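Here is the structure we will look at.
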Amino acid sequence: MAYQYDLIVIGGGPGGYVPAIRAAKEGLRTAVVEQDALGGTCLNRGCIPTKTLLHTAELYEAMQHCEGIGIHAEGVSLSMETLKARKEQVTDELRKGIEASFKKLKITQLRGTGTIVSAHEVLIDGKECCSAEHILIAAGSRPGRVPIPGLELPGILDSDRLLERAEAPFAHLIIIGGGVIGLEFASLYQALGSKVTVLEAMDRLLGNLDREFGQSMKMLLKKRGADVHTSASVQKIEKDGSLFTCTFAEKEQVQTVTGDGVLVAVGRKPCTEGLFAEGVQVEMERGRIVVNKQFQTSVPSIYAVGDVIGGIQLAHMASAEGLHAVAHMTGKTAEVRLDLIPSCVYTNPELASVGITADEAKKQGVPAKSVKYPMSANGKSVLSNQERGFIKVVYREEDHRVLGAQLMCARATDLVSFFTAAIANELTVEDLRKTMFPHPTFSEGIGEALGLVE
């Protein structure tokens, strides 16, 4: 059978456009179906917009406390309209870059909603039917919801809607959820001058990351004036005029908190509704698409990657999975290891980790040790007024092979790649000690941490 394309990708986010570009470079006739703007949630409603706002907010906050370093600023004010315009400028510039790559590589962009009607066919908006030898699903996810009475009250926001807001910052923002999304918005709104309350159902913040991250961030948030409640079960939300009151139970004690804004940040849900036409079915499990190690669904010509298959919901993970899928389609071996996933949280300070923690090594029965260097002794951290931070290295006891790293410091999300490369290449602490780190830099902290290994 002659197909119109070699590959049709459903979804224009990182799990879609990155493998589409690779496929086109490999000579595959490629099309991407996207109902919204290219770039997906990450570029348009997630990673890039959030980090753009965080960057500006941190500059604004720094200006409020700059007299101690010799800068006297008066009349510093915040324009949410300009802040929003800047965010849109950044996303538009990056989106145009993707579009330019599509044009250069002759990737067809099919605008609309794609529905898979057979193993090799996708219907666009119920009108145009396109065929391909392979189909790659990268439809992403949307903000999740939890069954809390009052959650549908007008004015309660999820992360998508909060990013679109152009009004003045909330006087008091209540955040339901103490995971990555919740804490990034907590950092953002604290920097903008808002009072912040975080309500987390688990017994600690950032429950999927190193325990010390959650403990340290709780201390810093509270130091900056936030109220943080863990093991807090939200029972209901009520509205009186412009104010919301959240009732929650913490250690069996019922409490209330009132604010003018509520953000629900309780994770994300795979976008699989309407993806398959009647009569077309792939194996599913609790709303996610089940795939094998090559990212094939139960229908071999249909692949799926990213948030729709569950697991770790990170843009770079979706991209890597997509590249693995394309490699399988073209009979090649993928290069990037999928078991080494750098996790990054863009709070202030940043958090990043890769590999395993000391606790995880113990659970796995791996004889391991760890060292921790406090960044309060790092020259670049001191001169730039950085707060509490550390670099922790986990290594195998018998041969000092690096197994993991956890970083809480400025530029942690950039520094973590040093450890990712080290673990991927099975390097030892002694191998890494051969690296000379420039002075003064944040990266010097890595060298200092490695120097603690005996």
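Of note:
- Partner aspartates and glutamates whose Cα lies under 17 Å from the Cα of residue 251, excluding those fewer than 8 positions away in the same chain, are identified as 200, 203, 227.
- When restricted to Cα atoms, the stretch 28-174 yields an Rg and a Dmax of 20.9, 67 Å, respectively.
- The chain: relative contact order in percent, alpha carbon pairs under 8 Å with at least 6 residues between: 14
- Taking 317, 202 and counting other C-beta atoms within 10 Å, the order from fewest to most: 202, 317
- Based on the Kirkwood approach, the hydrodynamic radius assigned to the stretch 156-266 is 13.9 Å, with every pair of different Cα atoms included.
- Whole-number percent relative contact order across the stretch 349-450, with pairs defined as alpha carbons under 8 Å at least 6 apart: 32
- 131, 353, 343, 79 arranged by Cβ crowding within 10 Å, fewest neighbours leading: 79, 131, 343, 353
- Aspartates and glutamates with Cα under 18 Å of residue 84, excluding same-chain neighbours fewer than 8 positions away: 58, 61, 92, 93, 158, 160, 164, 167, 184
- Principal axes of the stretch 113-187: Cα extent on each, largest first, Å: 53, 28, 24
- Distance distribution note for the chain: the fraction of Cα pairs above 31 angstrom is 49%.
- Between amide H atoms placed 1.01 Å from N, distances below 5 Å from residue 350 occur with 409, 410, 411, 412, all of them 5 or more places distant or on a separate chain.
- Per-q log10 I(q)/I(0), the stretch 7-107, q = 0.22 Å⁻¹ (Debye; single scatterer per alpha-carbon; no solvent): -1.06
- Mean projected area of the convex hull spanned by the Cα atoms of the stretch 105-154, taken over all viewing directions: 6.3 nm².
- Taking a straight line from the alpha carbon of residue 332, these aspartates and glutamates sit under 19 Å away, with near neighbours fewer than eight places off in the same chain left out: 6, 26, 133, 321.
- Computed label-point distance, nm, for sites residue 103 and residue 119 using a 7 Å Cα→Cβ extension: 3.9
- Amide H contacts of residue 269 (H built 1.01 Å from N, in plane; Pro and chain starts excluded): 142, 144 sit under 5 Å, all sequence-distant by 5 or more or on other chains.
- Kirkwood Rh, Cα atoms: Rg over Rh of the stretch 334-406: 1.04
- Residues residue 74 and residue 219, FRET efficiency given R0 of 30 Å [Cβ-Cβ distance, rounded to 0.05]: 0.40
- Backbone HN-Hα couplings from phi across the stretch 297-304 [Karplus 6.51/-1.76/1.60, Hz, Gly and Pro as x]: 7, 5, 9, x, 7, 10, 10, 8
- In whole percents, the pair-distance distribution calculated for the stretch 346-454 from its alpha-carbon pairs, binned every 5 Å from zero, is 2, 14, 24, 26, 18, 10, 4, 1, 0.
We did not get these values from a lab; they are worked out from the coordinates using the rules stated. Model, not experiment: these values are computed from the prediction. As a convention, Cβ positions derive from the backbone with ideal geometry for all residues, glycine included, and neighbour counts pool all protein chains shown.
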